[in-house]
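Down below is the structure, laid out as structure tokens.
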Amino acid sequence: MKKVLGVILAVALVFNFGVFTANAADTDAMATISAVTANPGEKVDVYIGIEGVGGIKTLSFFDFSYDDAVLTIVEDECAWLIYGKIKDIDFENNASIITFDDNTAYSGNILKLVFQVSEDAEAGNYPISCKAKGTRMVNETETEITVSDANGVINIGAQVTDKTISGEVTSFLSETDVVTLILTSVENSEVSYSAEVTGNSAEYSFENIEAGEYTLSVLKNKHVTRTYQITVTDEDVTQDVKIHPLGDVNGDDRVNTIDTARANAHARGVASVSGYEFECLDVNGDGRINTVDVARVNAHARGVSSLW
């Protein structure tokens, strides 16, 4: 049996960069739920968060789903992780809400849910998921944005192996913004592990990994999400990862005339870009690189209007 817990979260974020920065928020934000391990009879903390946000006025989580035959929420130990004018977790009516007096900028974990695992729980992965949506203000008009669904997992009594995925994470801009790494099984599309690190050059590690195919997603505020395909067999895996700020096609920590030229060449059909480079230059997230993207990259390079 699946139990649904609607979690509604209203968050007002700072929005003061003008028209170009408003459009930069067109790239979707990502909602996250942590992946954790537990044994039968234990309590475990599960964290809900948001990454890649920019210019968001309201944010809602809803249709929160988990297996209540195995997992029970410990109501008096659940808690909001950020300050709000109104904070309420109404388990009886399957809804929770937080509001703020002022606009608030935030990226990271928002809510902690505590689950009690039943004593007779069978070993396996128990998915936790929810949907999310949001709005932002653009020129005093509230418009909808797309926020990804969130998927996490409680891994109960899983077989322990000695395989490890590890490496170095390279990112840019703020040294204190969190970099989130999410490892998803290709076989069943379930989140297997997640981790958070800080610093523009940081080490990460996932331990006790079962053999199989995985997708590693790397996220950070104001950066373009990047994915890596990883195969785990009978040896440890070393996978260094690197993510670029929006508009930085070559990952040199700058958006300058080089990036403008690359965007312009693609828009004119002279020299195309693809893959992650394409995503970095598609600054409004519409699946195309055209004169709109060129103008915005050029405006950032000239210091006229920031992409971030």
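Scanning the range 151-163 for residues that are open to solvent by 40 Å² or more (accessible area, probe 1.4 Å) and outside any loop (DSSP other than H, G, I, E, B) returns a single hit, 151.
Number of residues in the range 28-46 that are open to solvent by 50 Å² or more (accessible area, probe 1.4 Å) and either assigned to a strand (DSSP E or B) or touching a Leu at 6+ places or on another chain (Cβ under 7 Å) (or both) equals 4. Residue 121 meets the conditions (1) assigned to a strand (DSSP E or B); (2) at pLDDT 85 or above in every case but one. The failed one is (1). Candidates in the range 174-188 are the residues that are assigned to a loop (DSSP other than H, G, I, E, B) and not hydrophobic (A, V, I, L, M, F, W, C); of these, the one that is surrounded by the fewest Cβ atoms within 10 Å (Cβ to Cβ) is 176.
In summary, residue 259 fulfils each of the numbered conditions (1) farther than 30 Å from residue 193 by Cα; (2) open to solvent by 10 Å² or more (accessible area, probe 1.4 Å); (3) charged (D, E, K, R) with the single exception of condition (2).
Tell me, which residue of the range 283-297 that is of a type outside the set (Val, Ile, Thr) and part of a helix (DSSP H, G or I) is surrounded by the fewest Cβ atoms within 10 Å (Cβ to Cβ)?
So the first thing to find is which residues in the range 283-297 are of a type outside the set (Val, Ile, Thr), and the list is 284-288, 290, 293, 295-296.
Filter once more, so that each one left must be part of a helix (DSSP H, G or I): 293, 295-296.
On the way: 293: 22, 295: 18, 296: 27.
Looking at the filtered set, the residue picked out is 295.
Of the candidates 166, 171, 148, the single residue that is buried (at least 18 other Cβ atoms within 10 Å of the Cβ), in contact (Cβ under 8 Å) with a residue 40 or more places away in the chain and either small (Gly, Ala, Ser) or farther than 20 Å from residue 214 by Cβ (or both) is 171.
Scanning the range 262-282 for residues that are crowded, with 18+ Cβ neighbours inside 10 Å and either part of a loop (DSSP other than H, G, I, E, B) or among the polar types (S, T, N, Q) (or both) yields 264, 282.
Is it true that residue 252 is within 26 Å of the chain's Cα centre (by Cα), among the acidic types (Asp, Glu), modelled with pLDDT of 95 or more and within 21 Å of residue 219 (Cβ to Cβ)? Lay out the reasoning, then the answer.
Details: within 26 Å of the chain's Cα centre (by Cα): yes; among the acidic types (Asp, Glu): yes; modelled with pLDDT of 95 or more: yes; within 21 Å of residue 219 (Cβ to Cβ): yes.
Yes.
For the range 218-230, which residues satisfy the criterion of being surrounded by fewer than 21 Cβ atoms within 10 Å (Cβ to Cβ) and either of a type in the set (Phe, Trp, Tyr) or assigned to a strand (DSSP E or B) (or both)? Within the range 218-230, 226, 227, 228, 229, 230 meet the criteria.
Each row is one residue, and each column tells you yes or no for (1) modelled with pLDDT of 95 or more; (2) in contact with a Lys or Arg (Cβ under 7 Å, 6 or more places away or on another chain); (3) buried (at least 18 other Cβ atoms within 10 Å of the Cβ).
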| residue | (1), (2), (3) |
| --- | --- |
| 209 | no, yes, yes |
| 212 | no, no, no |
| 216 | yes, no, yes |
| 232 | no, yes, yes |
| 235 | no, no, no |
| 244 | yes, no, yes |
| 247 | yes, no, yes |
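Residues that are under 26 Å from residue 218 (Cα atoms), in a loop (DSSP other than H, G, I, E, B), at pLDDT 70 or above and open to solvent by 70 Å² or more (accessible area, probe 1.4 Å): does the range 73-93 have at least one? Yes.
Residue under question is residue 160, and the condition is that it be modelled with pLDDT under 90 and closer than 25 Å to residue 65 by Cα; does it hold? Show your work before the answer.
Numbers: modelled with pLDDT under 90: yes; closer than 25 Å to residue 65 by Cα: no.
In short, no.
Look at residue 195 and say whether it is touching a strand residue (DSSP E or B) at 6+ places or on another chain (Cβ under 9 Å), open to solvent by 20 Å² or more (accessible area, probe 1.4 Å) and either part of a loop (DSSP other than H, G, I, E, B) or of a type in the set (A, V, I, L, M) (or both). Here the answer is yes, as residue 195 does meet what is asked.
Looking for whichever is at pLDDT below 90 and out of contact with any helix residue (DSSP H, G or I) (no Cβ under 8 Å at 6 or more places or on another chain) here; the options are 67, 26, 45. Which one fits? Before the answer, list the steps.
Numbers: 67 fails: at pLDDT below 90; 45 fails: at pLDDT below 90.
Result of the check over 67, 26, 45: 26.
The values are calculated or read from the model by the stated rules, or taken from the named source; none is laboratory data. Owing to the predicted nature of the structure, the values given are computational and were not obtained by experimental measurement. No Cβ is skipped: glycine too gets one built from the backbone with ideal geometry, and neighbour counts run over all protein chains shown. The accessibility values were calculated without ligands, DNA or RNA, using every heavy atom of the protein model including side chains. Shrake-Rupley method; radii C 1.70, N 1.55, O 1.52, S 1.80 Å.
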